[in-house]
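Colleague: Next up is a structure, given as structure tokens.
The values are calculated or read from the model by the stated rules, or taken from the named source; none is laboratory data. This one's a predicted model, so the numbers in the text were calculated from it and none came from an experiment. All Cβ positions, even for glycine, are placed from backbone atoms using ideal geometry, and neighbour counts span all protein chains on display. Accessible surface areas use protein heavy atoms only, side chains included; no ligands, DNA or RNA. Shrake-Rupley method; radii C 1.70, N 1.55, O 1.52, S 1.80 Å.
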Amino acid sequence: MKGQGRGIDGWMSIALAITAGYLFFVVWPLVTVLINSVTKNGAPTLDGFRTFFSSKLYYGTLTNSLLVTVCVTVLALLVAFPLSYFMTMFRIRGNRAIQILILASMMSPPFIGAYSWILLLGNNGIVTRGLRGVGIDSPSIYGFAGILLVLTLQLVPLIFTYLMGAWRTVDVSLLEAAESMGVTGWKRALKVITPLLLPTVLGGSLLVFVRAFADFGTPMLIGQGFRTIPVLIYSSFVGEVSIDSNFAAAVAMIVVVVTLALFLVQKFIVDRRTFSMTAMRPIEPVQLRGWRNWGVYAYIYTFLILALAPLLVVVVSSFRNTLYGQFTHGFSLQSYFSSQRDITRLVTNTFTIGLSALVLLVVIAVLVSYLTVRRRGLLTGVLDTLTMVPYVVPGLIIGIGLITAFSQPPLVLTGTFAIMVLALAIRRLPYTIRSTTALMLQFSPSIEEAAISLGASKPRTLLQVIIPSLAPGILSGAVLSWVTIITELSTTLFLYTISTQTLSLGIYTQVIRGQMGTAAALATILLGLTMVSLMLLMRVGGGREIRV
Amino acid sequence: MTRIALQSLRKEYAGQVAIPDLSLEIGDGEFFTLLGPSGCGKTTLLRMIAGFNSIEGGTISFDGTVINDRPPAERNIGMVFQNYALFPQMTAAKNVGFGLQTRRIPRAEADARIARALESVRMAHLGDRLPGQMSGGQQQRVALARALVIEPAVLLMDEPLSNLDAKLRVEMRETIRQVQHEAGITTVYVTHDQEEAMAVSDRIAVMNLGVVQQVGTPAEIYRRPANRFVAEFIGKTNLLERDLRWQDGRATVEMGPGVSIDVTGLVDPATQGRVQVSVRPEAVSVAAEGVPAEVLDETFLGSHSQVRARLASGEMIEFLEFSQQSSSLKPGVQLRLAIETHQLTVFDPDSGASVARGASA
């Protein structure tokens, strides 16, 4: 723009710096994975891909993953839609509390669900033994069905949150218009409401799809014979038999291609169907009577119990006595005291690493969203695309990329504090940028112009006007990012050392080692931390809509 | 006190020409309004003066100094926005003080000026309110105080009243007029509301498709529209196609069977043949003699009624009648209409330009 010559240099250099950072810390690691997938000891080869497609042991994991993902997405939608429908259309006692509990179950560390279902339905689980006592063989939690159960319960809240957001934009007059034309009840839900919510449903189901596809913790813990593709990547990279980084990289590339394809298909569909709505009058819930009322309550509470039971089990288990890692009779604080030193170390690491990642994350997110919203151009367009890369690349693969790229000169970062911070920030950035961008878009450009017309410089406008007015939104986004940072597992799995291990990594290693008591104690602490953060979010968010 | 001169301005958006070639002069302390339908380029032009839009050609100067390359922060402008654009996290007083702070005005002086500015818009009692706690009208008063307190060279207002309700709009436009008059600041005001433009402006530029159609005082624009667009955009009018004839040095048109009227002095002697005659509703009245017409319907509007009637030619004509007489104007009633000749304007049917002598489009 003419007449604004001086401001451009500052913002342009920030845009250049961030773009360079992305190229070096996100794109370059992925390129090394790509190179690894087609070379072995420096010579070009397609062996990795050939091995993968030659044995059912390997390519079977891809079909397994796709099967799990499709089933979980469909199931999660089928469960979440009625849930959001009931919560919006009908007066439900304790509506707000229920929504907070559903949110809490979504925000709980993903693999804790799997772990506590082992405590319930595993070989030595509470329910399993109880049923065995009366001579019944309980269904096994291990394998396909178990993964399906755990992931569905985990991801319903995610889609539910999306749907509730969409419901808030539906104006009651649309429903009344349908009713005036004689379309009511289920017919209305199908013909009027479903098309209105479809873009959201598609957007939400992609997120579920990608999460389910990339999820590592759940199938690792309870998959047993049923191996999914992230588990295959992990085991071939860590090397159960021998380390084969060429093979692991090839599988990683296959995963990236699948998620990318999904992302593009979804974007294509959603872009053609987007429309914007704002509700002048949101939907007023009505009071149901009789058996319908009971039915609705039964549905909601059954889901709540299923979703929250795992959390409760973990907390209770953490107070049980253990012997050689397994639970025995009686309750005490033994699990907490015996691993006191570990707990202190893990909690300290979680805070130092997590908070560093958070600060980095928020600063970059604010700058990037400002640049992409207010300074549209070629460079910021490129930057916008770059920031979305970690959105479609599973965390495990980001981790593999970072460890391959930075275990060799020019920059060796393996085993450092910095690589943990980087990994966590990179992983979470697409989400934080999206929510900050949404805030930035709502922020009227004329407010900024008003500041400039009053003689304020660009940095002054940013620091005194833009950031303070967006602060509540940025802050609640930051708390949400904090929660996902402290519960992140797959990205940092390859990157941690004993001195940079965080709580979620600690839980994972304890479960794998069979130290059930310590695992439960750590999980309870992480859960507590999550809940406190969420309560903080409710405070700072002031009841505003929560974006994931 | 600042004179603004716009010379051969050109604006393009991605190859699309929004303003082809525009020149205007705005005088010292003048209240100047850019008026036109949405998309006519009025806001674009205002934002070019403010420095928020780029300039693809021509110059903008304040008091003879070209300011094209001066960033908005250095143009010494005060701007009032359609959506108020108050800083949501700052109180009314803090908002007003923001521009003084960037100018490093000492605290005591700043406080006094903030108080005076809030006083002038009658908001002194609400200085500690946050924007969210104020009504739209109050927010816009604060925004006006914020723009004025820095004593800008030029005050720019972009549809400042369009988010307010009808009653408040009238009240606010009086405040704006009064405050501007007291401060004596050259003001450029953008609106699509012709009534509002007439009420506040010293002069108005009517714009359409990026081109200035006419510049003049409210009365000039209403009484002597330069073309059909201005006549139809400002107020209501009836356009009737007629033959203009010259008889004994007088221009006449036949309005109805046997009823001819003189078109006075304004008509260019070269004009004859098909023309469009613009008849304002208030120039028509029911009379004993005149053009025969049949009442179609009547809309009661309080102090007066708006009547639609059909002429013998089949054309529709709209006029106003004071309410006490309207009861006789039932649909189907035959009546005669007198037309006041000195309020007529005549347009070329093809170009739409006024054929009034001396009028220029």
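Colleague: Would you mind telling me which numbered condition in (1) of a type outside the set (Asp, Glu); (2) modelled with pLDDT under 85; (3) outside the structural domain of A:Leu429 (by TED's automatic domain parsing) A:Thr509 fails?
Modeller: So the condition that A:Thr509 fails would be (2).
Colleague: For segment B:82-97, how many residues meet the condition of being facing chain A (nearest Cβ under 8 Å), over 19 Å from A:Thr461 (Cβ atoms) and open to solvent by less than 30 Å² (accessible area, probe 1.4 Å)?
Modeller: So the count comes out to 0.
Colleague: Can you find a residue that is touching a residue at least 24 places away in the same chain (Cβ under 8 Å) and of a type in the set (Gly, Ala, Ser) anywhere in segment B:163-182?
Modeller: Within segment B:163-182 (the criterion being touching a residue at least 24 places away in the same chain (Cβ under 8 Å) and of a type in the set (Gly, Ala, Ser)), the answer is no, since none of the residues qualifies.
Colleague: If you scan segment A:495-523, which residues turn out to be crowded, with 21+ Cβ neighbours inside 10 Å and among the β-branched types (Val, Ile, Thr)?
Modeller: Within segment A:495-523, A:Thr502, A:Ile507, A:Val511, A:Thr518 meet the criteria.
Colleague: Pairs needed: first member in segment B:206-218, assigned to a strand (DSSP E or B); second member anywhere, open to solvent by 40 Å² or more (accessible area, probe 1.4 Å); C-beta distance under 6 Å; at least 6 residues apart or different chains.
Modeller: B:Asn208/B:Phe229; B:Gln213/B:Phe229
Colleague: Which residues, counting only those in segment A:213-267, are in contact (Cβ under 8 Å) with a residue 12 or more places away in the chain, open to solvent by 40 Å² or more (accessible area, probe 1.4 Å) and β-branched (Val, Ile, Thr)?
Modeller: A:Val238
Colleague: Please indicate, with yes or no, whether at least one residue in segment B:40-51 is in the same structural domain as B:His192 (by TED's automatic domain parsing), touching a Ser or Thr at 6+ places or on another chain (Cβ under 7 Å), touching a residue at least 40 places away in the same chain (Cβ under 8 Å) and small (Gly, Ala, Ser).
Modeller: yes
Colleague: Now a separate question. At least 2 residues that are exposed (fewer than 14 other Cβ atoms within 10 Å of the Cβ) and touching a residue at least 12 places away in the same chain (Cβ under 8 Å) in each: list the strands (runs of 3 or more DSSP E) lying fully within segment B:263-342 that qualify.
Modeller: The strands (runs of 3 or more DSSP E) meeting that bar are B:273-279, B:291-300, B:316-322.
Colleague: Taking the condition of being of a type outside the set (Phe, Trp, Tyr) and open to solvent by less than 20 Å² (accessible area, probe 1.4 Å), how many residues in segment A:90-115 meet it?
Modeller: Counting residues in segment A:90-115 that are of a type outside the set (Phe, Trp, Tyr) and open to solvent by less than 20 Å² (accessible area, probe 1.4 Å) gives 13.
Colleague: Could you tell me which of the residues B:Glu109, B:Glu171, B:Glu182 is over 26 Å from the mean Cα position of the chain (by Cα) and part of a helix (DSSP H, G or I)?
Modeller: Only one candidate passes the filter, namely B:Glu109.
Colleague: Quick one: which residue in A:Ile141, A:Ile147 is surrounded by 22 or more Cβ atoms within 10 Å (Cβ to Cβ), modelled with pLDDT of 85 or more and out of contact with any His (no Cβ under 9 Å at 6 or more places or on another chain)?
Modeller: A:Ile147
Colleague: Quickly run through segment A:309-349 and pick out the residues that are of a type outside the set (A, V, I, L, M, F, W, C), in contact with a Lys or Arg (Cβ under 9 Å, 6 or more places away or on another chain) and open to solvent by 20 Å² or more (accessible area, probe 1.4 Å).
Modeller: Passing the criteria: A:Thr328, A:His329, A:Gly330, A:Ser332, A:Gln334.
Colleague: Please list, ordered by first then second residue, the pairs with beta carbon atoms under 9 Å, 6 or more apart or interchain, first in segment A:453-471 and more than 27 Å from A:Leu537 (Cα to Cα) and within 8 Å of chain B (Cβ to nearest Cβ), second among the polar types (S, T, N, Q) and in a loop (DSSP other than H, G, I, E, B).
Modeller: A:Gly455/B:Asn76
Colleague: Just to be sure I understand, how many residues within segment B:140-158 are open to solvent by 10 Å² or more (accessible area, probe 1.4 Å), within 12 Å of chain A (Cβ to nearest Cβ) and assigned to a helix (DSSP H, G or I)?
Modeller: 1
Colleague: While we're looking at this one, here's another question. For segment A:116-203, please list each of the helices (runs of 4 or more DSSP H) lying entirely inside it that holds at least 3 residues being touching a helix residue (DSSP H, G or I) at 6+ places or on another chain (Cβ under 9 Å) and closer than 21 Å to A:Met220 by Cα.
Modeller: Filter on segment A:116-203 gives A:144-167.
Colleague: Sticking with this structure for a sec: Among (1) assigned to a strand (DSSP E or B); (2) away from every other protein chain (no Cβ under 14 Å); (3) open to solvent by less than 10 Å² (accessible area, probe 1.4 Å), which single condition is B:Met79 missing?
Modeller: For B:Met79, the failing item is (2).
Colleague: I've got another one for you. Among the listed residues A:Gly528, A:Gly473, A:Gly517, identify the single one that is in a helix (DSSP H, G or I) and in contact with a strand residue (DSSP E or B) (Cβ under 6 Å, 6 or more places away or on another chain).
Modeller: Just one listed residue meets the conditions, A:Gly517.
Colleague: Among the residues of segment B:17-42, count how many are surrounded by fewer than 16 Cβ atoms within 10 Å (Cβ to Cβ) and either at pLDDT below 90 or not in a strand (DSSP E or B) (or both).
Modeller: 5
Colleague: Which residue, of A:Leu463, A:Leu378, is farther than 26 Å from A:Leu358 by Cβ, surrounded by fewer than 18 Cβ atoms within 10 Å (Cβ to Cβ) and not basic (Lys, Arg)?
Modeller: A:Leu378
Colleague: Give A:Thr352, A:Thr385, A:Thr436 a once-over and let me know the one that is over 26 Å from A:Phe237 (Cα atoms), surrounded by 18 or more Cβ atoms within 10 Å (Cβ to Cβ) and among the hydroxyl-bearing types (Ser, Thr, Tyr).
Modeller: Matching residue, one of A:Thr352, A:Thr385, A:Thr436: A:Thr436.
Colleague: Cβ-Cβ distance below 8 Å, separation of 6 or more or different chains: which pairs start in segment B:98-121 with a residue that is away from chain A (no Cβ under 14 Å) and end on one that is among the acidic types (Asp, Glu)?
Modeller: Between residues of segment B:98-121 that are away from chain A (no Cβ under 14 Å) and residues that are among the acidic types (Asp, Glu), the close pairs are B:Ser120/B:Glu182.
Colleague: Filter segment B:50-76 for residues that are under 26 Å from the mean Cα position of the chain (by Cα), facing another protein chain (nearest Cβ under 7 Å) and assigned to a loop (DSSP other than H, G, I, E, B) and give the result.
Modeller: Within segment B:50-76, B:Gly51, B:Phe52, B:Ser54, B:Ile55 qualify.
Colleague: Right, something else. For segment A:466-494, how many residues are within 23 Å of A:Ile400 (Cβ to Cβ), open to solvent by less than 20 Å² (accessible area, probe 1.4 Å) and β-branched (Val, Ile, Thr)?
Modeller: Summing the residues that are within 23 Å of A:Ile400 (Cβ to Cβ), open to solvent by less than 20 Å² (accessible area, probe 1.4 Å) and β-branched (Val, Ile, Thr) in segment A:466-494 gives 5.
Colleague: Could you tell me whether B:Gly39 is more than 14 Å from every other protein chain (Cβ to nearest Cβ) and more than 23 Å from the chain's Cα centre (by Cα)?
Modeller: Against the criterion (more than 14 Å from every other protein chain (Cβ to nearest Cβ) and more than 23 Å from the chain's Cα centre (by Cα)), B:Gly39 does not qualify.
Colleague: Quickly run through segment A:6-49 and pick out the residues that are away from chain B (no Cβ under 14 Å) and touching a Pro at 6+ places or on another chain (Cβ under 8 Å).
Modeller: The answer is A:Val26, A:Val38.
Colleague: Could you check, for segment B:226-235, whether at least one of its residues is among the hydrophobic types (A, V, I, L, M, F, W, C), at pLDDT 90 or above and open to solvent by 20 Å² or more (accessible area, probe 1.4 Å)?
Modeller: yes
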